[in-house]
Amino acid sequence: MTKQLLRTILIVAIAFLTLLILPFHTAAAAEDQAENLSAKCKYSGDFSLHDERLRDSDFDTVQRVAKGKTLSISWDDSVPVASVYLSFYSAPVAYTVMQYDGSGAKLSEEPGILLYNNLIGVLPETRKVSVRADEDNCSFCSLYALGTGSISDYHPFAPTIEKADYMTFAMHPDDDVLFLGAIYPIYEADRGLSGISMIMSTKLPEKFQRERRQEDLNGAWILGLKTQPVFGGFPDIPQNYYDKFHHTFTKDDVTRYAVTMIRTYRPEVVMTQDLNGEYGHWQHKVLAEGVLAAVPLAADPDYQPKGYPKTEPWEVKKLYIHLYSQNKLTLDVDRPIAALGGKSAFETASQAFLMHPTQTRKDNHHVSKTEYSLAEFGLAYTTVGEDTAGMNDMFEHIDESSLSVTPQPTVTPTPTPEITPIPITPEPDTPVPTFTPEPVQIVEEKTTESPSEPVICEETEGTRVTPEPTPAIEKTAEQDDSISSTVLMIGGGLILLLLILLALLIIVRKRR
């Protein structure tokens with residue numbers, strides 16, 4: 001009977017230890033998450049409303065709201081709503097937020113913040129929040145009432161800047177991480193410069209369009225971007241559909257759009273992808289060729305892109321192309337960055353890529369320092385002279401007075417600034433141009449050494465980065481902390497189990 005009792009107690013102790021350890025991460029993660037209170041709320045609108053599309057946690061179900069129409073969510077005194085979370089499906093457009101108390105009296109009315117994901121702080125007396133569409137093409141994919149706590153998909157991006165220090169052009173969501181992912185941690189998070197991340201291809205199959213934009217927003221925040229990426233709206237065309245759809249994405253299309261964006265945001269330095277398409281992707285090639293043509297054209301007062309609003313010329317000082325074989329520059333991707341908690345640019349990009357599950361689950365891409373190295377670039381165009389060998393600074397020779405902060409060759413770590421979301425000017429989804437292609441001006445190569453004239457550095461066939469086996473992505477600091485916590489919990493549980501067994505053995509011996 002004693003042995004049976006001992007065996008029973010042992011089984012119970014092991015089961016208790018298992019239950020203690022297995023949900024540890026889930027419980028810890030959920031503890032800080034804001035509770036979704038939407039099931040306790042009422043949705044209403046002055047139009048045909050499908051509120052299940054707003055509360056189903058699916059980015060790809062859409063509720064469209066016509067200009068002038070209003071969508072509302074309300075609750076009673078027993079529901080502890082701290083904020084209302086509102087997500088746009090397509091590019092944010094102007095809207096107004098109104099809050100009402102339980103009697104229906106209006107407490108506030110103000111313009112909404114123009115981010116893809118917005119957080120509306122609720123006043124203590126508020127019992128209803130209404131959202132009025134002030135422009136056409138207003139579409140939402142989420143409207144939740146939340147309690148206190150963190151929200152995984154919300155990032156308080158700052159207003160889109162009017163004057164950028166730099167601008168990157170990436171073809172697809174995740175290309176900005178894989179091939180340009182060292183630029184943002186080094187120049188934005190660490191040095192404090194302000195950039196614009198252009199993601200060209202976001203016209204995707206309906207199932208993945210908003211999902212992949214969300215992945216890019218999550219990754220951009222980890223990389224250290226202060227402002228949310230700008231999505232171009234060009235089509236994503238797989239390699240095997242090139243023959244059928246290549247006419248819908250051409251070098252001329254890219255050139256016209258890139259000139260317009262460069263003149264809009266006026267960057268000093270531009271960076272883009274490989275002329276050979278990294279692993280040979282034809283859209284990467286077209287992007288790089290179009291940006292290379294656009295940089296000198298942006299400064300030409302006689303060139304106005306057809307199909308776009310008239311813009312004033314802007315002179316880009318330098319253009320860097322990924323894996324360019326001439327005038328090479330190698331970024332230091334292993335140096336710890338204080339503003340990112342001591343993580344390096346490589347570690348940060350590796351962590352950001354994990355925010356792209358639609359791509360990571362394919363297991364055919366990875367952040368690398370060898371294969372398609374995110375550290376290797378070349379100066380393809382300059383109006384300020386060529387780089388000093390070994391300096392490895394994309395902002396060398398750039399007039400410091402033209403930048404938002406003064407770049408330092410020897411980087412002094414600075415804390416990440418606190419960002420307060422305020423209204424921003426929305427960027428429109430740019431449709432695929434349907435106008436007649438205009439011949440792109442051919443820019444002749446300059447051979448003068450005068451830094452006052454632009455130099456297009458022509459790439460020749462030469463040494464390229466040789467693909468090598470890439471080690472598995474290193475664990476992030478958060479993963480290390482999580483593993484350490486688990487080890488401590490398991491260890492403590494085992495010690496507790498041993499003490500229980502020891503006590504039982506002592507009891508059994510005394511009874512004998």
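The values are calculated or read from the model by the stated rules, or taken from the named source; none is laboratory data. Keep in mind that this is a model prediction, so the values were computed, not measured. Please note: Cβ atoms are built from the backbone with ideal geometry, for glycine as well, and neighbour counts cover all protein chains shown.
Residue-by-condition table, conditions (1) among the small types (Gly, Ala, Ser); (2) in a helix (DSSP H, G or I); (3) touching a Pro at 6+ places or on another chain (Cβ under 8 Å):
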site: Asp176; (1), (2), (3): no, yes, yes
site: Ser197; (1), (2), (3): yes, no, yes
site: Glu211; (1), (2), (3): no, yes, no
site: Ile237; (1), (2), (3): no, no, no
site: Tyr241; (1), (2), (3): no, yes, no
site: His246; (1), (2), (3): no, yes, no
site: Thr260; (1), (2), (3): no, yes, yes
**Prompt:** Of all residues in region 327-349, which are in a loop (DSSP other than H, G, I, E, B) and either modelled with pLDDT under 95 or not polar (S, T, N, Q) (or both)?
**Reply:** Leu331, Asp332, Val333, Asp334, Arg335, Pro336, Ile337, Gly341, Gly342, Lys343
**Asked** Just wondering, is there one or more residues in region 350-362 that are farther than 14 Å from Met271 by Cβ, touching a strand residue (DSSP E or B) at 6+ places or on another chain (Cβ under 7 Å), of a type outside the set (S, T, N, Q) and not in a strand (DSSP E or B)?
**Response** no
**Item:** Any chance Glu312 is more than 30 Å from Asn240 (Cβ to Cβ) and acidic (Asp, Glu)
**Value:** yes
**Asked** Any idea which residue in region 132-167 is nearest to Asp399 (Cα to Cα), counting only those that are β-branched (Val, Ile, Thr) and in contact with a Phe, Trp or Tyr (Cβ under 8 Å, 6 or more places away or on another chain)?
**Response** Ile161
**Complete:** Quick count over region 57-86, residues being modelled with pLDDT of 95 or more and either farther than 18 Å from Phe47 by Cα or not in a loop (DSSP other than H, G, I, E, B) (or both), is 20
**Prompt:** Taking region 315-326 as the region of interest, how many residues are outside any strand (DSSP E or B) and within 14 Å of Ala380 (Cα to Cα)?
**Reply:** 6
**Message:** Going by what's in this entry, would Phe47 be described as buried (at least 17 other Cβ atoms within 10 Å of the Cβ), in contact with a Lys or Arg (Cβ under 8 Å, 6 or more places away or on another chain), outside any strand (DSSP E or B) and in the same structural domain as Ile120 (by TED's automatic domain parsing)?
**Reply:** no
**Complete:** Of Leu223, Leu217, the only residue that is touching a residue at least 12 places away in the same chain (Cβ under 8 Å), buried (at least 20 other Cβ atoms within 10 Å of the Cβ) and under 21 Å from Ala91 (Cα atoms) is Leu217
**Fill in**
Out of (1) surrounded by 24 or more Cβ atoms within 10 Å (Cβ to Cβ); (2) assigned by TED's automatic domain parsing to the domain that holds Gly232, the one His172 does not meet is (1)
**Message:** Can you say whether Glu162 is among the acidic types (Asp, Glu), assigned to a loop (DSSP other than H, G, I, E, B), on the phi < 0 side of the Ramachandran plot and in contact with a helix residue (DSSP H, G or I) (Cβ under 8 Å, 6 or more places away or on another chain), as far as the supplied structure shows?
**Reply:** yes
**Prompt:** Applying the selection to region 342-382, what residues are touching a helix residue (DSSP H, G or I) at 6+ places or on another chain (Cβ under 9 Å) and among the β-branched types (Val, Ile, Thr)?
**Reply:** Thr348, Thr358, Thr360, Val367
**Message:** Val367 - would you say it is part of a loop (DSSP other than H, G, I, E, B), over 19 Å from Val270 (Cβ atoms), touching a Leu at 6+ places or on another chain (Cβ under 9 Å) and modelled with pLDDT of 95 or more?
**Reply:** no
**Request:** Could you identify the single residue in Ala182, Ala145, Ala170, Ala133 that is touching a helix residue (DSSP H, G or I) at 6+ places or on another chain (Cβ under 6 Å), within 24 Å of Asp46 (Cβ to Cβ) and at pLDDT 95 or above?
**Result:** Ala145
**Message:** What pairs come out if I take residues in region 74-103 that are under 14 Å from Cys141 (Cα atoms) and pair them with residues that are among the hydroxyl-bearing types (Ser, Thr, Tyr) and part of a loop (DSSP other than H, G, I, E, B) whose C-beta lies under 8 Å away, six or more apart or interchain?
**Reply:** Tyr85/Tyr154; Ser87/Tyr116; Phe88/Tyr116; Pro92/Tyr116
**Prompt:** Does Val432 fit the bill of being surrounded by 12 or more Cβ atoms within 10 Å (Cβ to Cβ), at pLDDT below 70 and either under 24 Å from Gln326 (Cα atoms) or assigned by TED's automatic domain parsing to the domain that holds Tyr265 (or both)?
**Reply:** yes
**Item:** Every residue from region 87-98 that is crowded, with 19+ Cβ neighbours inside 10 Å and not in a strand (DSSP E or B)
**Value:** Tyr89, Ser90, Ala91, Pro92, Val93
